[in-house]
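**Q** Dropping the structure in here first, questions after.
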Amino acid sequence: MAFYRAQVLVCGGAGCISSGCKAVQQALIHEINKAGIDEEVKVIETGCIGTCELGPVLVVYPDGTFYQKVKPEDVHTIVEEHLVKGRIVSRLLYKDPLTEKTIPEYTKISFFAGQTRVALRNTGVIDPSVIEEYIARDGYAALGKVLTEMSPEQVIDEISRSGLRGRGGAGFSTGLKWRLTAQAPGDEKYVVCNADEGDPGAFMDRSILEGDPHSIIEAMAIAGYAIGSSQGYIYVRAEYPLAVANMQRAIEQARQYNLLGKDIFGTGFDFDLEIRVGAGAFVCGEETALIASIEGNRGEPRPKPPYPSNSGLWGKPTLINNVETLANIPPIILQGSEWFRQIGTEKSKGTKVFAVAGKINNTGLVEVPMGMTLREIIYDVCGGIPGGKQFKAAQTGGPSGGCLTADHLDVPMEYDSLVSLGSMMGSGGLIIMDEDTCMVDIARFFLDFTQDESCGKCTPCRIGTKRMLEILNRITRGEGKEGDIEALEALAENIKKSSLCGLGQSAPNPVLSTLRYFRSEYEAHIREKRCPAGACQALIVYAIQPDRCRGCGVCARVCPVEAVSGQPRSPYEINSEKCIKCGLCREKCPFDAIAKH
Amino acid sequence: MKSLEDLKKLRDSARQMMHLREGGDSVRIVIGMGTCGIAAGARETLAAVMQELERLHLYDVVVTQTGCAGFCDKEPLVDVILPGQPRVTYAKVDGERARRIIDEHVVNGRVIEQWVIER
Amino acid sequence: MIKLTIDGVTVAVPEGTDVLAAAKAAGIRIPTLCYMEKYNEIGACRLCLVEVKGMRGLLAACTLQASDGMEVYTNTPAVREARRTNLELLLSDHPQDCLICVRNGQCELQSLAEEMGIRRQRFEGEKSAYPLDHSTLSIMRDPNKCVLCRRCVAVCKQVQGVGVLGAVERGFDTIVAPEGGCLLHDVACVLCGQCVMVCPTGALAEVDNTEEVFAALNDKSKHVIVQTAPAVRVAIGEEFGYPPGTIVTGKMVSALRRLGFQAVFDTDFAADLTIWEEANELLERLNNGGTLPMITSCSPGWIKFIEHYYPDLIEHLSTCKSPQQMLGALAKTYYAEKIGVSPEDIFLVSVMPCTAKKFERARPEMVGESGLPDVDIVLTTRELARMIKVAGIDLPQLPDSDFDSPLGLSTGAGVIFGATGGVMEAALRTAYEWVSGEALTNVELEAVRGLSGVKEAEVKLPGTDITLRVAVAHGLANARQLLDKIRTGKADYHFIEIMACPGGCISGGGQPRPADVNEFNALREQRIKGVYRADRDLPLRKSHENPAVKELYDTYLGEIGGERAHHLLHTNYTVRGKYLRTIRQH
């Protein structure tokens, strides 16, 4: 093995690939070779570091310097200055959005410092294509431990004691799920990893699959041992090609090292894995639909019970865990359930990864202890809301969840508190909204998603969500009428109670929760034909304030549809019939004379 | 891989590769790589340090650079910081001195006093 | 047994019973729409919702297993509201052109709306708007009337082993359609019409040819005649208020005359004729080392099925035309000559229990020597009932009358063609006597009767060393079992009868629909009883004793299996394959 004095980590997650990390990586290798330091400095492509907004990012070790938004043309300077001369290139450093201070060191940046990384312990740290790097960080030691020191019952007990709950949606006890599957009668059982991540904006599972695939393989093998299964399937969507490729390579490496296959560690335990690629239907994240899809059928849910733990894949007892859940398993085994229980709250143990998006300075993935408040996540970890705007609401749980308001900023983020507020943890989507966001429009957005993703099998979800969406469309167009809110509520209650699967049962949540906290916005749309946030285009009116207008005529010149008219040096007017509400006049007015309401 | 022992062996050797990223208590060697340092031959010093560390399998030693320290005529300057101990700065470290410093100071903990200009 | 209470009524049911059945046992009706026992227990329509103490939300009774101590409530405000809301949602995406719908008065959606007391339309919005599928001669699809119960999907796949129907698209756009969203014509559909039989609404129906028949009847230049299949007479009465299985042959013949048909013939005659040819073909194959087992060829859905899915086994098919086509061929030759009318002026209508017969009629193989199709129009039983009603004919009040000669006389063996096992039984009645020369005293071959999926029998032919091994399958999924056996060389039968539809023609895709799909088998049994009663009531019960057939051979056809007979009464088949669209592109 060669000695390197420095290692440069290039984030190679799908998000950074989109922002051009491959070109940066090539430039880096080129410049390092040119500087003649290729035997001193090693370039390592890692998985997602989490700061997707800031990509492409580089971390230079041993000092852990974090460079953000690196362009290929910046690379020359980094190599010459930092790698050759040891001088940090401060213009590429991260600047704290609140204090405006630059922070060179990765671990000192509040975004990272505020996190507790268990599930994401390796992503962004190791090179996912090198199994040795996973092993160096105690990879497969947990598997070794359970196979040589623990009985399956002890493994299940340990997971149960840890208090780990499913990270994919409902938060069912993982230990209990394992126990039920272990106890179900049947010689043949399966372990399935649900990697059909579908919530818009959530990508923690992708990040783990891409950046730390071996942790999932190891966890599935442990689960296989615990429940008595020798075959696992990873159901991952085709839209995650890098995750599929990294996972496939990891499986092959694990087989080469006999960490998958027959007689693992010489203990007689056999376990192997296959990847099944799904077409990315949201509903296939529902476990019975996922099973149908793996079996080769249309991905549609079936009524439960029977639960997959008794009758799953091909009718056999099947354990289905989500990616993030599985990623927690090896650390629990190695460090013990007691260690894990110390993280989090009484009923929600451990950490949760949130995919923070929307009106927030640092978007990306953050892993924080359960029970951290929304305020801490938004302001301490994620750098607050851009443009000095006010926080209005946060959507948790994606399209199946609901919203939290400013009143809830200090509520601990954990399974039960979220449910009691009419939302849910879901898979950890966290969308931050500021004062410019219309809550009716947000509800409409999520419902549009779920009604489109409905499998169409059961009546309430297929037709009911469509009818709700039609009402919401009308309201946001200014065509709402008295009785619409009541109709929405009646439909929502019915869909929740009578749909076949979790997709339908949770689809009305965004509407119910925005009705609960922002009913007055609905009423303003319906009764006053007004969008209080000024977001619903059909309800916006642009008007020139005569006392401010100096008659310069810029507005009339930029208007694409000749809706503005007037005489120079006297106030102009907007013809609201012609106006297409593009907002260009308001943007261009030098005197801020154009109001939007 | 046949046993847990095999895994442990592999882990221990693989850890060296990860050491730079893990941080923690380790010996640090800091080489002055300002313009003056490079002019005085700091690049050769750096190369010698790395070769010697590799020869001795000292993968957990962290090697970094620093800029001009103000003693331009004493370059190349090399700091050795053992965990929990103050920094020791050596002056005019060429390749030969660098190897000696590693053998004596880093491996055996004996400071080579005659080359030290500051501690 | 487990005990549970439903609406306070304690009921004991065997373990594994679903709540729907348990409620029925407790005398409580739970409405269902998508539920079809054993075949379609999918919980999709959400009309059978119930509340269960200690369980979240509302649950579909059809998929919920009863458990000991369970407390079920079927009539709470929440349950009523949810059922109604879901039904109203279905109605909000339904054309509601009930007055002019083919299912007017016989629609399950209509009945449910009535049963649940729907008197207002709370939800309105976009409705599905798909073009109608008129691509086949047999079955019409109106996806806009589809309620996505998927009973058709279940029947097509599980009962018929065909599986060309499925759900396509997603969300509100989901429709049940031929695979890939194609037209029915473009997939390997066998046109059996079993989907039509279980469709609760007007989304699947027979192609209606009644107007063409009325037009022909009005055309004075045509000699318009009709034939009726064996199974029609035991079912058409249901459309006029008779209990299932009632034999209304005489009244039906009278009604046909009143409609204006100039001769009313009986397909049973041709069924007897089929036995002469088919029994002869079987004996020839037995004696001359022909392809065995030989398989019957009366059922056009079955023929289309083997052409699509087992084209390698076509050699096993009897080359005999179906009775409908035999009668057609004779009507435009033998009969035309007999009455001195040119074949072009004869217009032959068939009344069949079958939608696939509409396809069979139009096969290129079924064009006669005059260049005309042997049969001009096929009506299903349902269409004939409609014509009779439209014409203001009060069927129950009609006197009985007899079929016309020369194609009207038949034996009991011809009648039993209508039930599964009937062709086999009829053929054996004849083959037995022909080979052994002995009279068969007990003509009723119980082993091949009834509704079990595959039936087998062995018949020793006296005076020979032949023991005929026979098998009967009805419903194409059952047929697959036998065909797979043949393919793998494990079928040592001599003769197999296959009918496309479960129960045989008596529940063909053109018959009156069951009032309750979950009582379909009971209905089949009653119709089958009717068939066997009709057999017993006839003086002649063996096809080879039919004097009219004998006269036909003596005066016109000549030898059994002879050249003339071959020319008029036998046919050949077309290899089709499973993937039609691909084939057509090549």
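**Q** Consider the range B:76-108. How many of its residues are away from every other protein chain (no Cβ under 13 Å) and assigned to a loop (DSSP other than H, G, I, E, B)?
**A** 10
**Q** While we're here: Which of the residues belonging to the range B:9-23 are surrounded by 14 or more Cβ atoms within 10 Å (Cβ to Cβ) and either modelled with pLDDT of 90 or more or of a type in the set (F, W, Y) (or both)?
**A** B:L10, B:R11
**Q** Let me ask something else about it. Within the range A:480-487, identify whether any single residue is over 25 Å from C:L148 (Cα atoms), in contact with an Asp or Glu (Cβ under 8 Å, 6 or more places away or on another chain), free of Cβ contacts under 8 Å to residues at least 40 places away in the same chain and within 14 Å of chain C (Cβ to nearest Cβ), and answer yes or no.
**A** no
**Q** Quick check: anything in the range A:16-34 part of a strand (DSSP E or B) and buried (at least 18 other Cβ atoms within 10 Å of the Cβ)? Step through it out loud before you land on a result.
**A** As a first pass, look at the range A:16-34 and keep what is part of a strand (DSSP E or B): none.
No: the range A:16-34 contains no residue that is part of a strand (DSSP E or B) and buried (at least 18 other Cβ atoms within 10 Å of the Cβ).
**Q** Something else: I'd like the full set of residues that are β-branched (V, I, T) and either closer than 29 Å to A:N494 by Cα or in contact (Cβ under 8 Å) with a residue 40 or more places away in the chain (or both), limited to the range C:88-136. Quick ask: steps written out before the conclusion?
**A** Here is the first cut: in the range C:88-136, the residues β-branched (V, I, T) are C:100, C:102, C:118, C:136.
Listed by number, the residues that qualify are C:V102, C:I118, C:T136.
**Q** Of the conditions (1) buried (at least 21 other Cβ atoms within 10 Å of the Cβ); (2) touching a residue at least 60 places away in the same chain (Cβ under 8 Å); (3) out of contact with any Phe, Trp or Tyr (no Cβ under 6 Å at 6 or more places or on another chain), C:I393 clears all except one; give me its number.
**A** C:I393 satisfies every listed condition except (1).
**Q** Under 7 Å between Cβ atoms, which residue pairs at least 6 apart in sequence (or on different chains) link something in the range A:495-510 that is more than 11 Å from chain C (Cβ to nearest Cβ) with a partner that is among the charged types (D, E, K, R)?
**A** A:P508/A:K496
**Q** Yes or no: A:T396 away from chain C (no Cβ under 14 Å) and farther than 29 Å from A:E300 by Cα?
**A** Values: away from chain C (no Cβ under 14 Å): yes; farther than 29 Å from A:E300 by Cα: no.
For A:T396, the condition - away from chain C (no Cβ under 14 Å) and farther than 29 Å from A:E300 by Cα - is not met.
**Q** Looking at the range B:57-69, can you tell me whether even one residue there is assigned to a helix (DSSP H, G or I), within 8 Å of chain A (Cβ to nearest Cβ) and buried (at least 19 other Cβ atoms within 10 Å of the Cβ)?
**A** no
**Q** May I ask you to list the residues in the range C:93-123 that are surrounded by fewer than 12 Cβ atoms within 10 Å (Cβ to Cβ) and within 14 Å of chain A (Cβ to nearest Cβ)?
**A** C:R120, C:Q121
**Q** Hey, can you tell me all the residues within the range B:59-86 that are at negative phi, touching a residue at least 40 places away in the same chain (Cβ under 8 Å) and out of contact with any helix residue (DSSP H, G or I) (no Cβ under 7 Å at 6 or more places or on another chain)?
**A** Correct list: B:F71, B:K74, B:D79, B:I81, B:L82, B:P83.
**Q** Looking at the range A:1-35, which of its residues are within 14 Å of chain B (Cβ to nearest Cβ) and either under 23 Å from the mean Cα position of the chain (by Cα) or aromatic (F, W, Y) (or both)?
**A** At the first step, the residues of the range A:1-35 found to be within 14 Å of chain B (Cβ to nearest Cβ) are A:1-11, A:35.
Result: A:F3, A:Y4, A:L9, A:V10, A:C11.
**Q** What's the number of the only condition in (1) closer than 25 Å to C:D268 by Cβ; (2) surrounded by fewer than 17 Cβ atoms within 10 Å (Cβ to Cβ) that C:D516 fails to meet?
**A** (1)
**Q** Another one. Does A:G534 fit the bill of being in a loop (DSSP other than H, G, I, E, B), touching a residue at least 24 places away in the same chain (Cβ under 8 Å), surrounded by 15 or more Cβ atoms within 10 Å (Cβ to Cβ) and not assigned by TED's automatic domain parsing to the domain that holds A:E489? Steps first, answer last, please.
**A** Numbers: in a loop (DSSP other than H, G, I, E, B): yes; touching a residue at least 24 places away in the same chain (Cβ under 8 Å): yes; surrounded by 15 or more Cβ atoms within 10 Å (Cβ to Cβ): yes; not assigned by TED's automatic domain parsing to the domain that holds A:E489: yes.
Considered against the rule, which asks whether it is in a loop (DSSP other than H, G, I, E, B), touching a residue at least 24 places away in the same chain (Cβ under 8 Å), surrounded by 15 or more Cβ atoms within 10 Å (Cβ to Cβ) and not assigned by TED's automatic domain parsing to the domain that holds A:E489, A:G534 comes out as yes.
**Q** Still on this structure: Within the range C:526-534, can one find any residue that is over 18 Å from C:R233 (Cβ atoms), in contact with a Leu (Cβ under 9 Å, 6 or more places away or on another chain) and touching a residue at least 24 places away in the same chain (Cβ under 8 Å)?
**A** Checked against the condition, which is being over 18 Å from C:R233 (Cβ atoms), in contact with a Leu (Cβ under 9 Å, 6 or more places away or on another chain) and touching a residue at least 24 places away in the same chain (Cβ under 8 Å), the range C:526-534 yields no hits at all.
**Q** Taking the condition of being within 20 Å of A:G20 (Cβ to Cβ), surrounded by fewer than 21 Cβ atoms within 10 Å (Cβ to Cβ) and either within 13 Å of chain B (Cβ to nearest Cβ) or under 30 Å from the mean Cα position of the chain (by Cα) (or both), how many residues in the range A:72-88 meet it?
**A** Selection size over the range A:72-88: 2.
**Q** Which residues, counting only those in the range A:55-78, are farther than 16 Å from A:T363 by Cα and basic (K, R)?
**A** A:K71
**Q** Suppose we filter the range C:242-267 for residues that are over 26 Å from C:A419 (Cβ atoms) and under 22 Å from the mean Cα position of the chain (by Cα); how many remain?
**A** Looking only at that region, the number is 0.
**Q** Shifting gears a bit: In a helix (DSSP H, G or I), touching a Lys or Arg at 6+ places or on another chain (Cβ under 9 Å) and within 10 Å of chain A (Cβ to nearest Cβ): does that describe C:R46? Step through it out loud before you land on a result.
**A** Numbers: in a helix (DSSP H, G or I): no; touching a Lys or Arg at 6+ places or on another chain (Cβ under 9 Å): yes; within 10 Å of chain A (Cβ to nearest Cβ): yes.
Answer is no for this residue.
**Q** Among the numbered conditions (1) modelled with pLDDT of 95 or more; (2) over 18 Å from A:L326 (Cβ atoms); (3) surrounded by 23 or more Cβ atoms within 10 Å (Cβ to Cβ), tell me where A:R255 comes up short.
**A** Here A:R255 clears every test but (3).
**Q** Under 8 Å by Cβ, and 6 or more places apart or on different chains, what pairs join a residue from the range C:475-498 that is within 13 Å of C:E456 (Cα to Cα) and not assigned by TED's automatic domain parsing to the domain that holds C:Q194 with one that is surrounded by fewer than 18 Cβ atoms within 10 Å (Cβ to Cβ) and among the β-branched types (V, I, T)?
**A** C:N478/C:V454; C:Q481/C:V454; C:L482/C:V454
**Q** Taking only the range A:316-365 into account, find how many residues are of a type in the set (A, V, I, L, M), outside any helix (DSSP H, G or I) and out of contact with any Lys or Arg (no Cβ under 9 Å at 6 or more places or on another chain). If you could, list the steps in order and put the result at the bottom.
**A** Of the residues in the range A:316-365, the ones of a type in the set (A, V, I, L, M) are A:319-320, A:323, A:326-327, A:329, A:332-334, A:343, A:353, A:355-357, A:360, A:365.
If we keep only those that are outside any helix (DSSP H, G or I) too, we end up with A:319-320, A:343, A:353, A:355-357, A:360, A:365.
Now restrict to residues that are out of contact with any Lys or Arg (no Cβ under 9 Å at 6 or more places or on another chain): A:355-357, A:360, A:365.
Looking only at that region, the number is 5.
**Q** Still on this structure, I have one more. Hey, C:D516 hits all of (1) within 30 Å of C:G202 (Cα to Cα); (2) touching a residue at least 40 places away in the same chain (Cβ under 8 Å) but one; which does it fall short on?
**A** Unmet condition: (2).
**Q** With the checklist (1) surrounded by fewer than 19 Cβ atoms within 10 Å (Cβ to Cβ); (2) within 14 Å of chain B (Cβ to nearest Cβ) in hand, flag the one item A:T46 doesn't pass.
**A** Single failed check for A:T46: (1).
**Q** Also: Can you find a residue that is more than 14 Å from chain A (Cβ to nearest Cβ) and out of contact with any helix residue (DSSP H, G or I) (no Cβ under 9 Å at 6 or more places or on another chain) anywhere in the range C:51-59? Full working, then the answer.
**A** Step one: of the range C:51-59, the residues more than 14 Å from chain A (Cβ to nearest Cβ) are C:53.
With the extra rule that they be out of contact with any helix residue (DSSP H, G or I) (no Cβ under 9 Å at 6 or more places or on another chain), the set shrinks to C:53.
Within the range C:51-59, one or more residues are more than 14 Å from chain A (Cβ to nearest Cβ) and out of contact with any helix residue (DSSP H, G or I) (no Cβ under 9 Å at 6 or more places or on another chain).
**Q** Would you confirm whether or not the range C:8-17 contains a residue that is of a type in the set (G, A, S) and within 14 Å of chain A (Cβ to nearest Cβ)?
**A** Yes, the range C:8-17 contains at least one residue that is of a type in the set (G, A, S) and within 14 Å of chain A (Cβ to nearest Cβ).
**Q** Of the residues in the range A:59-71, how many are more than 17 Å from B:H19 (Cβ to Cβ), more than 22 Å from the chain's Cα centre (by Cα) and not β-branched (V, I, T)?
**A** The total comes to 3.
**Q** Mind listing whichever residues of the range B:1-52 are within 17 Å of A:G86 (Cβ to Cβ), out of contact with any Pro (no Cβ under 6 Å at 6 or more places or on another chain), at the interface with chain A (Cβ under 9 Å from one of its Cβ atoms) and assigned to a helix (DSSP H, G or I)?
**A** B:T35, B:I38, B:R43, B:L46, B:A47, B:V49, B:M50
The values are calculated or read from the model by the stated rules, or taken from the named source; none is laboratory data. The structure presented is a predicted model; accordingly, all values stated were derived computationally and were not measured. Glycine gets a Cβ as well: all are built from the backbone with ideal geometry, and neighbour counts include every protein chain shown.
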